[in-house]
1. Can we say residue 235 is small (Gly, Ala, Ser) and at pLDDT below 75?
2. Can you give me the number of residues within the stretch 220-266 that are open to solvent by 80 Å² or more (accessible area, probe 1.4 Å), outside any helix (DSSP H, G or I) and either in contact with a strand residue (DSSP E or B) (Cβ under 9 Å, 6 or more places away or on another chain) or within 30 Å of residue 33 (Cβ to Cβ) (or both)?
3. Suppose the filter is modelled with pLDDT under 90 and out of contact with any helix residue (DSSP H, G or I) (no Cβ under 8 Å at 6 or more places or on another chain); does residue 101 pass it?
4. Within the stretch 23-62, which residues are farther than 17 Å from residue 247 by Cα and open to solvent by 100 Å² or more (accessible area, probe 1.4 Å)?
5. Within the stretch 67-89, restricting attention to residues that are exposed (fewer than 14 other Cβ atoms within 10 Å of the Cβ) and aliphatic (A, V, I, L, M), which residue is farthest from the chain's Cα centre (by Cα)?
6. Across the stretch 55-89, what is the number of residues that are part of a helix (DSSP H, G or I) and either more than 22 Å from residue 149 (Cα to Cα) or touching a Cys at 6+ places or on another chain (Cβ under 8 Å) (or both)?
7. Checking residue 39 against (1) part of a helix (DSSP H, G or I); (2) in contact with a strand residue (DSSP E or B) (Cβ under 7 Å, 6 or more places away or on another chain): exactly one of these is not met. Which one?
Amino acid sequence: MAMSCDRSRKKWQKVLYKDQGVSDNYVDESFLEEMKKNLHIRTYEFWAVVRESNVVMQQIYSVWIFVAVYFHMRNFVLTPQFLFEMSSAVTIVGYIVNFVILHENALTKSRWKDGKTMGIFLILGFSLSPILMTLTKTISTDTIYAMTFFMLLANLLFHDYGTDAAIVSQAFSLNAAIFASICLASRLPTTWHAFSLVTFAFELFALWPILRRNLKIILSFLLGSVVTVSVATVSSVAVVVFLLLHLFITILCPAWLIRLQPYKNNIHGPWDEAVIKQ
């Protein structure tokens, strides 16, 4: 009785350094008064989500273009000389457009450095092409295609789409794509084919994402048109599958996110870890 009277007379405090006559895990009704729901919640708009989903489709476009280029080169529909000349010309135009968009002094100072880096890459890439061709020559073609599939899948999963998620790793994503190009290069007939494919992969997965951040809508339309034409050359069924995938990612997934948004329920309270604010 005395303990009950003392407890009702003295208000319980959320501290552990005082002996309040109760167990350490005791809480009273005031504990849940500090609970808060959905702090700092972000409200999404449908068309804004649709626009941002184009970043995902652009990376899928890049992967498809890379695979289509490989098969066209393997079937002698596309020559390595044409691929190298066209990809180099498009990369130079993209670099100039990116320079005009940003028009920063830092870019002016880095032009010589960028040109020197590209020159070193081209020389080393062409010199090492015979080695790249024989690097995975002893591995069966089925295994090479399986490795390429998983590497390109890793490129899609770990690519930086503009979020701060823990899974994002731009370096791992790029390395996976380059490794996939090296695997496929061993199935091409000449060193010139291998060099053109690896160079194209570097331009597509390392340089183009920089420009895509500044030209999301325009590049989405251009890449989508190129991919649709390339898919049409494969089969009409592939075109239907590609269009359904495009609608699923850019329309259905954003609509699903907007529909589930009211059900979001994050709770915050005194049980959260302490955050030191400076």
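1. yes
2. 2
3. Criteria met by residue 101.
4. Hits for the stretch 23-62 are 24, 25, 29, 32, 33, 36, 37, 40, 42, 43, 45.
5. Checked the stretch 67-89; the qualifying residue farthest from the chain's Cα centre (by Cα) is 77.
6. Selection size over the stretch 55-89: 10.
7. Exception for residue 39: condition (1).
The values are calculated or read from the model by the stated rules, or taken from the named source; none is laboratory data. Just so you know, these numbers come straight off a predicted model, no measurement behind them. Glycine gets a Cβ as well: all are built from the backbone with ideal geometry, and neighbour counts include every protein chain shown. Please note that ligands, DNA and RNA were not included when accessible areas were found on the heavy atoms of the full protein model with its side chains. Shrake-Rupley method; radii C 1.70, N 1.55, O 1.52, S 1.80 Å.
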